[in-house]
Amino acid sequence: MNILVTGGAGFIGSHLVDGLVEAGHHVVVVDNLSTGCREHVHDQAVFYEMDILQKDELARIFANGAFDIVFHEAAQTLVPYSMEHPREDAELNIMGLLNVLELCRQFGVKKFLFSSSAAVYGDNVQVPLAENAPLQPTSFYGLTKVTAEKYIQMYHDVFGLSYAILRYSNVYGERQGSHGEGGVVYIFSDAIAEGREITIFGDGDQSRDFIYVKDVVRANMAAMDETAPSGIYNISTNIETTVNALKEILFYFSQTAVPVSYAEARSGDIYRSALDNALAKQTLRWRPATKLLEGLQQTYFYFAGRKQT
Ligand SMILES: NC(=O)c1ccc[n+]([C@@H]2O[C@H](COP(=O)([O-])OP(=O)(O)OC[C@H]3O[C@@H](n4cnc5c(N)ncnc54)[C@H](O)[C@@H]3O)[C@@H](O)[C@H]2O)c1
């Protein structure tokens with residue numbers, strides 16, 4: 001199939017492109033490299049360095065691409081940035097999305113897959129949260145994800161565009177940067193590998209549902225299947241791990257402990273997080289395959305190994 005991945009040079013997008021190319025698809029990537037990395041894009045994918053806000057240039061890619069499927073990964077992903085710059089956050093996460101959605105409609109794309117987030121649920125302590133839990137985002141980032149989801153559903157209802165909205169919990173793995181939602185694994189790994197102090201925002205007992213990036217790729221590939229019904233799916237492990245526990249596991253792999261300081265919790269951050277993944281398991285016939293210790297070990301040694309090269 002002909003597939004477009006926006007943000008395909010990014011952390012999740014580049015792993016997704018690898019999975020799609022390896023499955024034999026023809027993949028085109030559009031990415032402005034604001035946080036992505038050209039070297040992470042598979043050499044068999046066609047790469048365009050381009051901003052999704054440049055609508056006319058994007059239209060030319062669609063005109064030539066005959067895309068069956070579009071994965072939309074390009075986004076402003078930082079919660080703190082969204083609190084300081086709500087306008088810029090909305091411009092990319094809503095207007096950028098609309099550029100891509102409009103072109104999907106005009107060029108007859110068969111299915112649109114969107115990376116949403118646990119941030120849509122906000123600070124709801126009734127964990128684990130299923131897809132029908134109330135949407136109460138506590139950050140502008142979460143608000144743009146809620147709004148994006150509603151646009152996508154309306155494109156489906158009005159124009160018949162099939163879709164899958166995947167609400168990721170905290171994704172971690174190789175190639176992750178310091179930015180983004182799951183960045184704590186990278187930030188801690190990098191600091192521990194260098195023997196630097198780590199800072200924990202809040203008391204460290206806040207929990208996250210950490211999911212390995214290759215499991216997220218498998219979920220996307222299951223959801224792109226035409227037999228998978230349009231809908232919203234949590235993509236998660238349904239397991240809570242505290243930030244303090246994460247630090248201890250990484251200390252174990254590194255065989256060292258670095259100093260730890262605690263700072264005030266950040267505005268917009270949620271306290272507990274775990275997403276119920278029963279619907280994805282049942283409907284997409286997908287389940288996370290990587291155990292936390294296995295995924296963290298691979299990720300830690302990937303980052304530690306980069307220090308020695
Ligand atoms: N990492 C997580 O834990 C997580 C959790 C939930 C949802 N998500 C969502 O998954 C998606 C991918 O996130 P990621 O962690 O891989 O982030 P990332 O920053 O690594 O990837 C985003 C990519 O989009 C590109 N990009 C940004 N603005 C662009 C623009 N205007 N035009 C073209 N390209 C642009 C960046 O250069 C980057 O390559 C995002 O939509 C994010 O909100 C991520």
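The values are calculated or read from the model by the stated rules, or taken from the named source; none is laboratory data. These figures come from a predicted structure and were not determined experimentally. Positions of Cβ are backbone-derived with ideal geometry, glycine not excepted, and every protein chain shown enters the neighbour counts. In case anyone asks, the SASA skips ligands and DNA or RNA and just uses the protein heavy atoms, side chains included. Shrake-Rupley method; radii C 1.70, N 1.55, O 1.52, S 1.80 Å.
When the stretch 13-51 is examined, which residues are found to be open to solvent by 30 Å² or more (accessible area, probe 1.4 Å) and under 16 Å from residue 113 (Cβ atoms)? Within the stretch 13-51, 23, 25 qualify. Looking at this structure, is residue 258 hydrophobic (A, V, I, L, M, F, W, C) and farther than 25 Å from residue 288 by Cα? Considered against the rule, which asks whether it is hydrophobic (A, V, I, L, M, F, W, C) and farther than 25 Å from residue 288 by Cα, residue 258 comes out as yes.
Condition check: in a helix (DSSP H, G or I) and among the hydroxyl-bearing types (Ser, Thr, Tyr). Does residue 233 satisfy that? Against the criterion (in a helix (DSSP H, G or I) and among the hydroxyl-bearing types (Ser, Thr, Tyr)), residue 233 does not qualify.
Candidates in the stretch 52-67 are the residues that are open to solvent by 30 Å² or more (accessible area, probe 1.4 Å) and part of a loop (DSSP other than H, G, I, E, B); of these, the one that is farthest from the ligand (Cβ to nearest atom) is 66. Within the stretch 288-309, if we keep just the residues that are free of Cβ contacts under 8 Å to residues at least 40 places away in the same chain and assigned to a loop (DSSP other than H, G, I, E, B), the residue that is surrounded by the most Cβ atoms within 10 Å (Cβ to Cβ) turns out to be 291. Selection over the stretch 210-230 of residues that are in contact with a helix residue (DSSP H, G or I) (Cβ under 7 Å, 6 or more places away or on another chain) and open to solvent by less than 20 Å² (accessible area, probe 1.4 Å) gives a count of 8. Selection of the stretch 3-37 for residues being assigned to a loop (DSSP other than H, G, I, E, B), within 16 Å of the chain's Cα centre (by Cα) and more than 6 Å from the ligand (Cβ to nearest atom) yields 8, 37.
Counting only residues that are touching an Asp or Glu at 6+ places or on another chain (Cβ under 6 Å) and not polar (S, T, N, Q), which one in the stretch 130-140 is nearest to the ligand (Cβ to nearest atom)? Out of the qualifying residues, it is 140.
Out of 98, 92, 113, one residue alone is of a type outside the set (Gly, Ala, Ser), in contact with a helix residue (DSSP H, G or I) (Cβ under 8 Å, 6 or more places away or on another chain) and buried (at least 19 other Cβ atoms within 10 Å of the Cβ). It is 113.
Close contacts from the stretch 38-63, counting a first residue that is within 22 Å of residue 87 (Cβ to Cβ) and β-branched (Val, Ile, Thr) and a second that is modelled with pLDDT of 95 or more and within 11 Å of the ligand (Cβ to nearest atom), with Cβ to Cβ under 7 Å and a gap of 6+ residues or different chains, come to 52/6; 52/30; 52/58; 52/74; 52/96; 52/99; 52/100.
Results for (1) of a type in the set (A, V, I, L, M); (2) under 22 Å from residue 5 (Cβ atoms); (3) outside any helix (DSSP H, G or I); (4) more than 15 Å from the ligand (Cβ to nearest atom), shown as yes or no for each residue.
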| position | (1), (2), (3), (4) |
| --- | --- |
| 76 | no, yes, yes, no |
| 94 | yes, yes, no, no |
| 99 | no, yes, no, no |
| 109 | yes, yes, yes, yes |
| 115 | no, yes, yes, no |
| 122 | no, no, yes, no |
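When you check residue 151 against the structure, is it assigned to a strand (DSSP E or B) and open to solvent by 10 Å² or more (accessible area, probe 1.4 Å), yes or no? It is false that residue 151 is assigned to a strand (DSSP E or B) and open to solvent by 10 Å² or more (accessible area, probe 1.4 Å).
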